Amino acid sequence: MENETNKSKYSMSSIHRVIQVLRAFSLDYPKLSLTEISKHTDISVSSLQRIVSTLMSEGFLVRDEQTKQYSLGLELMFLGELAAKSDALLSKAIPIMEKLNEQTKENISINIIERNERRCIYNLPSRHELAALTFVGHTSPLYAGASAKILLAHQSDSYLRDYLETVNFEKITDITVETKEELLEQLSLIRQQGYAMTKGERVKGAVSVSVPIIAHGQILLGALSVTYPYIRQEEYDDEQLIQLLKDAAGRIV
C-alpha cells in the first residue's frame, strides 16, 4: 500500500511538472531554451531533459535545431481547436439533448472523431434502472457501433481511403464487421438512409441509433445518438425514433 501511495504521489508530481513546462511558454516567451525553461519552472535541467523529450515525441513541443530553443507544438493547437469546437457545439446541443432525454428517457450522447476513434464528448444518462451506459471521454473503433459508423460514413473519400489502409479489425462482439468490403457496403447504406442503427455490435444487448449533426449542409460537427437495452426495443417505433433524432440534430445547427 505504501509503495502504491508513493507511486501515486510521484505520478501527480510528474504531471504537475509537465504542466509547468507547458505554461512556461507565453506570448512574451514563445520560444525558450532548456535553461530558460528551467528558470521559469524551477525544475532542474536534468529533469527537464526527460520531460521535454517526452513532450517532443508526443508533438506538444518542437525544437529549433539551429537556435536550440523549444516552442509549443501543433498537437496543442489541435487540442485547442477541438476544445473550442466542442464547447461551441455543446452550448447549443445540451438543451436539445435534455429535451430528447425527457422524451425518450434513454441515454443520449454526442460523439466526434478524434485520432481515428469515436469519442463521446457529452452524455445524458438513461432515466431507467436498466440502461445502456455511455461515458464522456469513452472511445471506440470507427468500424463498430452506430455513432462511429455515422461519423465514418460522412468523412471524405481520402479520409476513408487512408483509414481503411491502416485499420486493423478486431472482433468486439460476434457481429462486429470484419472486412473492408463489408464496412464499405454498410457505410454506403448509412449515407443513403441518413442514419445508423446497430444492435449488439459494440456492446452486447445494446441498441444504438445515431444521426449526423451537419452544419450548412456539408460540415459534419458530430453524431447525436440514443442508446438503450435491446429488451426495450419493442417499446419504440424505429421510424419515429429516427425522426426524433433527425429533428433534434437539425435544431442543434
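The values are calculated or read from the model by the stated rules, or taken from the named source; none is laboratory data. Worth saying up front: this structure is predicted, and the values here are computed from it rather than measured. Note that each Cβ is placed from the backbone with ideal geometry, even for glycine, and that neighbours are counted across all protein chains shown. Protein only, heavy atoms only, side chains kept; ligands, DNA and RNA dropped before computing areas. Shrake-Rupley method; radii C 1.70, N 1.55, O 1.52, S 1.80 Å.
Summary of computed values
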{"read-out": "Helical contribution to [θ] at 222 nm, DSSP H n ≥ 4, -39,500 (n - 2.57), averaged over the chain, rounded to 500", "value": "-15500 deg cm²/dmol"}
{"read-out": "³J(HN,Hα) computed for each position of the range 221-233 - Karplus, 6.51 cos²θ - 1.76 cosθ + 1.60, integer Hz, glycine/proline x", "value": "9, x, 10, 9, 9, 10, 10, 8, x, 4, 5, 9, 4"}
{"read-out": "Test item: Cα-centred dipole of the range 130-241, Lys/Arg +1 and Asp/Glu -1 on Cβ, debye", "value": "280"}
{"read-out": "HN-Hα J in Hz across the range 24-34 - Karplus 6.51, -1.76, 1.60, θ = phi - 60°, x for Gly and Pro", "value": "5, 7, 7, 4, 6, 10, x, 10, 9, 7, 4"}
{"read-out": "Debye, to nearest 20: dipole size of the chain, +1 on Lys, Arg Cβ, -1 on Asp, Glu Cβ", "value": "680"}
{"read-out": "Tilt relative to the chain, helix 45-57 - C-alpha long axis, 0 to 90 degrees, to 10", "value": "30"}
{"read-out": "Value in Å of the Kirkwood radius, where the chain supplies the Cα pairs that are averaged", "value": "20.8"}
{"read-out": "At most 10 other Cβ within 10 Å, DSSP loop - GluC sites (Glu not before Pro), the range 59-133", "value": "Glu65, Glu129"}
{"read-out": "Too-long pairs where the Cα-Cα distance tops 18 Å, listed order kept, from Lys204/Lys246; Lys149/Lys199; Lys92/Lys246; Lys105/Lys204", "value": "Lys204/Lys246; Lys105/Lys204"}
{"read-out": "Sequence-distant residues sharing a close amide H with Ile213 (under 5 Å, placed H)", "value": "Leu221, Gly222, Ala223, Leu224"}
{"read-out": "Sequence of Arg118, Arg202 from largest to smallest accessible area, 1.4 Å probe", "value": "Arg202, Arg118"}
{"read-out": "Arg161 - accessible surface, heavy atoms, 1.4 Å probe, Å² rounded to 10", "value": "130"}
{"read-out": "Relative contact order for the chain, counting Cα pairs under 8 Å that sit 6 or more residues apart, in percent", "value": "14"}
{"read-out": "Given 16 as the ceiling on other Cβ atoms within 10 Å, longest exposed-site-free region of the chain for chymotrypsin sites (Phe, Trp or Tyr not before Pro) in DSSP loops", "value": "1-134"}
{"read-out": "For the chain: accessible area per residue (Å², 1.4 Å)", "value": "58"}
